Amino acid sequence: GRAVVSLRTLLAGAVVRIGEDVAPSSALRPVDLAELSEEQRRRLWDAALAIYFSQLASADGVFIDLRLEGFRLGSDGALFWRAPAPIWPLEATFRARLVILYRAFYSGRDADFRTGLGELGLLPARATPEQTDEIHRAFLDHFGTAGDQRAVRFSLARFNASFERILEAASQAGAKVPGEFAVVGLGLLTLYQTLERLGCDHDVRAIFEA
């Protein structure tokens, strides 16, 4: 996906307008969901998910706090986001393989998705076919297998359940889950909190491919 904002600009503490590296020209206020129009909810939904995807392509690292409290509204209705601390670097090989995994999923290349899981060390050779199949299915469920990702509504309860299924399947197969998954998982947890509160159905595939 495209880089929505410069991570280095965000790390410098600048408040950035969604989609632009510009300083705010108006007073900012916290986001009040009751005051948001449907269009603003959708823009904020898209922006939060795009920030998550764009940082995966950056060597700067990832933010683990994507809660709604990080966003602000200008008096003209423009959306702003200040990156919270801290930012966590991801090991380069892990990050590259995770991006490949996402690309395989959103392009519908299931064989490549399974290969990507293996390259991340999640399909150990000593595991039985049934165990590796369960890991494969658990990740597909976590990524979201329903439909074509054109109208997705995020659920924190579903995230928790699918993440627990991944950990259980990996444990049963003797797979060692890379520690970086904990960092990504924390970021996803806060992202899901934001998206669930906004309560919109959106085209996740289009946001990833943009």
Legend entry - Entirely in the range 12-123, the strands (runs of 3 or more DSSP E) that have 1 or more residues that are modelled with pLDDT of 85 or more and exposed (fewer than 15 other Cβ atoms within 10 Å of the Cβ): 28-30
Inset, instruction - List every residue pair whose Cβ atoms sit under 9 Å apart, with the two residues 6 or more apart in sequence or on different chains, where the first one lies in the range 41-58 and is of a type in the set (S, T, N, Q) and the second, anywhere, is in a helix (DSSP H, G or I). - result: Ser54/Leu7; Gln55/Leu7; Gln55/Gly187; Ser58/Leu7; Ser58/Arg8; Ser58/Arg95
Legend entry - Neighbours by Cβ (under 6 Å, 6+ apart or cross-chain): first from the range 96-120, among the aromatic types (Phe, Trp, Tyr); second open to solvent by less than 10 Å² (accessible area, probe 1.4 Å): Phe105/Phe113; Phe113/Ala104
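The values are calculated or read from the model by the stated rules, or taken from the named source; none is laboratory data. Just so you know, these numbers come straight off a predicted model, no measurement behind them. Because the Cβ atoms are built from the backbone with ideal geometry, glycine has one as well, and the counts that use them run over all protein chains shown. These area figures cover heavy atoms from the full protein model, side chains too; ligands, DNA and RNA do not enter into them. Shrake-Rupley method; radii C 1.70, N 1.55, O 1.52, S 1.80 Å.
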